[in-house]
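Please read the structure below before turning to the comments.
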Amino acid sequence: RIEKLLERAKTHFHPKYKILLENSKSSGPSTATPDGRLFNPGHCIEVGWMLLEACKHVPKKEIEAMALIAIENSLEIGWDKQYGGLYYMMDIEGKPLLDSTVTAKGKLWWPHSEALIAVSMVLSVCPEKDEPKWLVWLAKIQKYCQLMFVDKKHGGWYGYRERDGTLHSTVKGGNYKGFFHTPRALLLSTRAIKSFLDASK
């Protein structure tokens, strides 16, 4: 069953952009429609680390390599070069989104949570020569999370920032933001970093 899911993931991988797109057919992704062009960096990064985790149980070098490049390109394409942080969603060809929500260019807590997990896991499987660039990404993501989401006074993480970093809402929980992404990110990234450091001794 895991092998079938791994093979299905390949149909979402776009050969030009080298990312996993939200919607695809069994024949592969197509950017001919707005749905086909929809790119959510957080989802791609999340699926990427899950593929790496699956490859620990069902080793597949091709899938592992695809996951690594999808995570890296999601960070490169999805990272806001002006204000920092990951966009929530975008049209991969720069066209208007079919359903442009108020958070389309906003910065949400959960994509950054997934990025912490992914980059921490990548360090344990990437070639040693690639470690420096991933450590740079880890530091960049961690710094952004600390500055934008962590409430240093009362604890917890804020969920929503505007593109420029302005706090969108002080609410830390609701019908969408629950007690899931943040603790999972802290737990799994801590485990992954410990594993990486232990192996480096």
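Below are the figures for this structure:
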quantity: Proximal lysines relative to Lys152, as straight alpha-carbon distance under 26 Å, when same-chain residues fewer than 8 apart are discounted; calculated: Lys81, Lys105, Lys107, Lys140, Lys143, Lys172, Lys177, Lys194
quantity: Carbon and sulfur %, accessible surface of the range 89-190 computed with the full protein complex present, 1.4 Å; calculated: 60 percent
quantity: Listed residue (Cys145, Ser74, Thr11) projecting farthest to the positive dipole end of the chain, Cβ model; calculated: Cys145
quantity: Using θ = phi - 60° and Karplus 6.51 cos²θ - 1.76 cosθ + 1.60, couplings along the range 51-59 (whole Hz; Gly, Pro as x); calculated: 5, 4, 5, 5, 5, 5, 9, 10, x
quantity: Surface accessible to a 1.4 Å probe, per residue, for the residues of the chain, Å²; calculated: 54 Å²
quantity: Average Cα contact separation per residue, the chain, under 8 Å, 6 or more apart, as relative contact order %; calculated: 18 percent
quantity: Protection-proxy order for peptides 148-161, 114-127, each taking the mean of Cβ atoms within 10 Å per residue, highest first; calculated: 114-127, 148-161
quantity: Gyration tensor (alpha-carbon) shape descriptor, the range 76-184, a/c threshold 1.5; calculated: oblate
quantity: Sequence-distant residues sharing a close amide H with Leu123 (under 5 Å, placed H); calculated: none
quantity: Those lysines that a straight Cα-Cα span of less than 18 Å connects to Lys10, excepting residues fewer than 8 apart in one chain; calculated: Lys18, Lys25, Lys56, Lys60, Lys61
quantity: Computed [θ] at 222 nm, deg cm²/dmol, the chain (DSSP H ≥ 4; -39,500 (n - 2.57); rounded to nearest 500); calculated: -16000 deg cm²/dmol
quantity: Cα gyration tensor shape for the chain, rounded if a/c is under 1.5, else prolate or oblate; calculated: oblate
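The values are calculated or read from the model by the stated rules, or taken from the named source; none is laboratory data. As the structure is a prediction and not an experimental result, all values here were calculated from the model. Positions of Cβ are generated from backbone atoms using ideal geometry, with glycine treated the same way; all protein chains shown enter the neighbour counts. In case anyone asks, the SASA skips ligands and DNA or RNA and just uses the protein heavy atoms, side chains included. Shrake-Rupley method; radii C 1.70, N 1.55, O 1.52, S 1.80 Å.
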